[in-house]
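The values are calculated or read from the model by the stated rules, or taken from the named source; none is laboratory data. Just so you know, these numbers come straight off a predicted model, no measurement behind them. For neighbour counting, all protein chains shown are included, and Cβ atoms are generated from backbone atoms with ideal geometry for every residue, glycine included. For the accessible areas, the whole protein counts, side chains as well, though only heavy atoms, and no ligand, DNA or RNA atoms are used. Shrake-Rupley method; radii C 1.70, N 1.55, O 1.52, S 1.80 Å.
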Amino acid sequence: MSDVDDLTDAVLTASRLLVAVSARSLAAVEETLTLPQLRMVVLLDSRGPMKLTALADLLEVNPSTAKRMIDRLITSGMVDREQNPATKREVVVVASPAGRRVVNEVMARRRAEISTIVARMPEHLRHGLVEALTAFTDAGDEPRWSARDETPTPR
């Protein structure tokens, strides 16, 4: 097996753990949101107001699927539609104050649980994990996040 295959298997295994942590964190804060809906609110919170088509592209869904998700999130109070301040002619979707609160709470819970897991790792392996995960998230174009200051770092 190649290094890429070994690493892929390791990341897939770790992703199962991270999805479980995500699901537990979300369930503890907001029972009505699904993980895909949370992902949309996280994107809006971290990247700012977005047009429907741009959001659909980032989520890798078609615009009609994104529109249905947005409609549900508006109903639940997690996102809002607003006039684009740059053009005044188009509508953008934004995370609402309630949506930003949920993102911050979920991320803080995730951080606490992941911190517990990381603390159980051998100390000499932690630095390499930081470098590897940073390179991995950079390659996936994911904005950096720190629940310590509850502010995503935009790309």
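Label Ala27 and Thr8 with points 7 Å out from Cα along Cα→Cβ: what is the distance between them in nm?
With each label placed 7 Å out from Cα toward Cβ, I get 3.1 nm.
What do you get when you divide the Cα radius of gyration of segment 87-136 by 2.2 N^0.38 Å, with N the number of residues?
1.81
Provide the packing ranking of 116-123, 104-111, 130-137, 16-23, i.e. peptides ordered by the mean count of other C-beta atoms within 10 Å per residue, highest first.
Averaged packing, sorted descending, gives the order 104-111, 16-23, 130-137, 116-123.
Per-residue accessible area for Ser15 at 1.4 Å probe radius, Å² rounded to 10?
Number for this one is 40 Å².
Regarding segment 46-155, what are the three Cα extents along the principal axes, ordered largest first, in Å?
54, 27, 25
Which ³J(HN,Hα) values, rounded to whole Hz and listed in residue order, are derived for segment 50-67 from phi using the Karplus coefficients 6.51, -1.76 and 1.60 in 6.51 cos²θ - 1.76 cosθ + 1.60 with θ = phi - 60°, glycine and proline given as x?
Along segment 50-67, the couplings run 9, 6, 3, 5, 5, 5, 4, 4, 5, 7, 6, 10, 7, x, 5, 5, 4, 4 Hz.
Mind checking the per residue accessible area of segment 3-67 for me, 1.4 Å probe, whole number of Å²?
On the way: 3730 Å² over 65 residues.
Heavy-atom accessible area per residue stands at 57 Å².
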